[in-house]
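The values are calculated or read from the model by the stated rules, or taken from the named source; none is laboratory data. Just so it is clear, the model here is predicted, and its values are computed rather than measured. FYI the Cβ positions are ideal-geometry reconstructions off the backbone, even for glycines, and counts take in every protein chain you see. Ligands, DNA and RNA are stripped out before the accessible areas are found, and what is left, the full protein with its side chains, is counted by its heavy atoms. Shrake-Rupley method; radii C 1.70, N 1.55, O 1.52, S 1.80 Å.
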Amino acid sequence: MTGAIKRIEDLDAGDFRRGNPRFSGENFTRNLQLVEIVSEIAREAGYTPAQVALAWLLDCTPYVVPIPGTRSIRRLKENALAVAVRLEESQFERLYGILREQPVAGDRVAALDYSSEYLNSQ
């Protein structure tokens, strides 16, 4: 949701997201449209796309507790500031509206193979 990934090639060859359904084929293309709307709202409001995405999740409380992951202190600080993000009601309505019209495409992670053949090979 940072808006940094525009093409699958933007991910390193070994990046685990390359195998995730949300980052493959048509799902990736559809989900980029959602990222663009989040990015647009972020520009309007003066925040980063990640902060807007986290602010939206925080707005879903008590049903959702965001647990963002990062490997950098800079991103950690950026993510922590999401609790102070103040979006206008119309911006939240746009976020909720687009997700009702066009839900996130693809599962979050690839299905695990729990077959006995797979388990015995591990």
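For the stretch 6-62, the Kirkwood estimate of the hydrodynamic radius, built from every pair of different alpha carbons, is 12.7 Å.
Suppose the chain between Leu11 and Asp59 were pulled fully straight at 0.36 nm per residue; how much longer would it get relative to their current alpha carbon spacing?
Values: separation 48, 0.36 × 48 = 17.28 nm, distance 2.94 nm.
Value of the extension gain: 14.3 nm.
Placing dummy labels 7 Å off each Cα toward the beta-carbon, the span from Glu44 to Thr70 is 2.5 nm. Considering every alpha-carbon pair of the chain, the percent of pairs per 10 Å bin, from zero through the bin containing the longest distance, is 12, 37, 34, 12, 4, 0.
Between Leu32 and Ser90, the simple spin-label model (points 7 angstrom out along Cα→Cβ) gives 2.9 nm.
Solvent-accessible surface of the stretch 1-95, taken per residue with a 1.4 Å probe and all protein chains present: 65 Å². Taking every alpha-carbon pair under 8 Å whose residues sit at least 6 apart, the chain reaches a relative contact order of 32 percent. Taking only protein heavy atoms and a 1.4 Å probe, the accessible area of the chain is 55% carbon and sulfur.
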